[in-house]
Amino acid sequence: MYYLGIDIGGTGLKAGLVDEAGTIIARKSVPVDAKHPDFDHYLAEELASLTKQLLFENDLSVNDIPYVGIGVPGPCDDKNGLFLFAPNLPVRNMELRRLFQEQLDIPVRLGNDANCAALGEYRVGAGKQYSSMVLITLGTGVGTGIILDGKMWTGCNGVGAEGGHMVVRPGGLECGCGRKGCFEVYASASGLIRMAVEQMRNDKDSLLWSLADGAEENVTGRIVFRAAEEKDPTAEKVLDEYIDVLSEGCLDIINLLQPEVVVLGGGISGASDALLLEPLRERTYGRDMAKYSLPKTTIVKAELGNDAGIIGAAFLGA
Ligand code: BGC
């Protein structure tokens, strides 16, 4: 038995054929054109075409998979097949299941991308040995997925758990969700890049400039971590601010739920432990309200990298 999962990211669509043990046995990806004038139809066509290609190239047909699982970067309504909204894509009440099935007649399951990543990590990754975990994805946006007593918590309407939109800086910068000061605005890769660019402008000698070939638009999260590794003071200052805000979000989650584990996923989580995990643990554990209780929530890095979302989407109905 095979499953097929697709992860819709801010920059690309990644699909994978997944076996029952949660191993991706074939994969395919394409970039996403977020500016496409007819985004709804375009997206459904791209997703269906990825599915067809992946099946064809592996000598499979729609009869060999029970459904196509799709992880979307925003709230969705699996019951009615709707991709409701995305802070970072032009999506409002998209009838994703119907549009997809116009291209390919097969059941479609929808899930939030971070919830899918949480499911993937819980079944076959960093969450395997726990029964309560919260996954935080640090990518284009910030998403969270909550597993409680072995079950995904998605609220009364399936739209939870949007931890990226907890307010960590009241009155702060505007978020794609319409509020101000959300965790996502500061803890996403885009937030890190924005903070780095702001600080570089005050330090023309920063290593960040040479790593970015002198152009602000070339700054990436990876560059910020590299410059900090080389002890560039501006990059270190940016990371210090970044870890601080990340710690605020982790503390909100820990104080609210006290899960056994908080798992960090998404592109940023690929940074070295010395620059990300260790300072984050230090800043978070000491301020946890349950610091005198045992056991304590541990913070770890995701194990499946970018694959968690694909695997979780594939397992949405399994
Ligand atoms: C959305 C979440 C999503 C996250 C990562 C956020 O902006 O609100 O639903 O999980 O981005 O894509």
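Looking only at residues that are outside any loop (DSSP other than H, G, I, E, B) and in contact with a helix residue (DSSP H, G or I) (Cβ under 7 Å, 6 or more places away or on another chain) in region 29-54, which one is farthest from LEU89 (Cα to Cα)? Across region 29-54, the extreme among qualifying residues is ALA48. The residues of region 172-199 that are more than 15 Å from PRO73 (Cβ to Cβ) and in a loop (DSSP other than H, G, I, E, B), listed by number, are GLY172, LEU173, GLY178, ARG179, GLY181.
To keep it simple, each residue is scored yes or no on (1) over 19 Å from ALA114 (Cα atoms); (2) out of contact with any Lys or Arg (no Cβ under 8 Å at 6 or more places or on another chain).
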| residue | (1), (2) |
| --- | --- |
| GLY155 | no, yes |
| GLY172 | yes, no |
| CYS177 | no, yes |
| SER190 | no, yes |
| LEU208 | yes, yes |
| ASP244 | yes, no |
| SER247 | no, no |
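Rundown of residues vs (1) on the phi < 0 side of the Ramachandran plot; (2) within 14 Å of the chain's Cα centre (by Cα); (3) crowded, with 24+ Cβ neighbours inside 10 Å, yes/no style:
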site	(1), (2), (3)
GLU162	yes, yes, no
MET166	yes, no, no
PRO170	yes, no, no
LEU173	yes, no, no
GLY176	yes, no, no
VAL185	yes, yes, yes
SER190	yes, yes, no
MET195	yes, no, no
ARG201	yes, no, no
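For residues in region 135-179 being within 17 Å of GLY312 (Cα to Cα) and polar (S, T, N, Q), which is nearest to the ligand (Cβ to nearest atom)? Among those residues, the one meeting the criterion is THR137.
Results for (1) buried (at least 24 other Cβ atoms within 10 Å of the Cβ); (2) in contact (Cβ under 8 Å) with a residue 12 or more places away in the chain, shown as yes or no for each residue.
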| residue | (1), (2) |
| --- | --- |
| THR11 | no, yes |
| THR51 | yes, yes |
| PHE56 | no, no |
| GLY81 | no, yes |
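Can you pull out every residue in region 196-221 that is touching a residue at least 24 places away in the same chain (Cβ under 8 Å) and more than 23 Å from GLU162 (Cα to Cα)? ALA196, GLN199, MET200, ASN202, ASP203, SER206, LEU207, LEU208, VAL219, THR220 - these are the residues of region 196-221 that are touching a residue at least 24 places away in the same chain (Cβ under 8 Å) and more than 23 Å from GLU162 (Cα to Cα). When ARG123, ARG98 are screened for being of a type in the set (Lys, Arg), within 22 Å of the chain's Cα centre (by Cα) and in a helix (DSSP H, G or I), only ARG123 passes. Counting the residues of region 251-292 that are open to solvent by less than 60 Å² (accessible area, probe 1.4 Å), in a loop (DSSP other than H, G, I, E, B) and of a type in the set (Gly, Ala, Ser) gives 5. Yes or no: PRO90 open to solvent by 40 Å² or more (accessible area, probe 1.4 Å), within 16 Å of the ligand (Cβ to nearest atom) and more than 19 Å from PRO259 (Cβ to Cβ)? Yes: the conditions hold for PRO90.
The values are calculated or read from the model by the stated rules, or taken from the named source; none is laboratory data. This one's a predicted model, so the numbers in the text were calculated from it and none came from an experiment. Positions of Cβ are generated from backbone atoms using ideal geometry, with glycine treated the same way; all protein chains shown enter the neighbour counts. The protein model used for the area step is the full one, side chains on, heavy atoms only, and it has no ligands, DNA or RNA in it. Shrake-Rupley method; radii C 1.70, N 1.55, O 1.52, S 1.80 Å.
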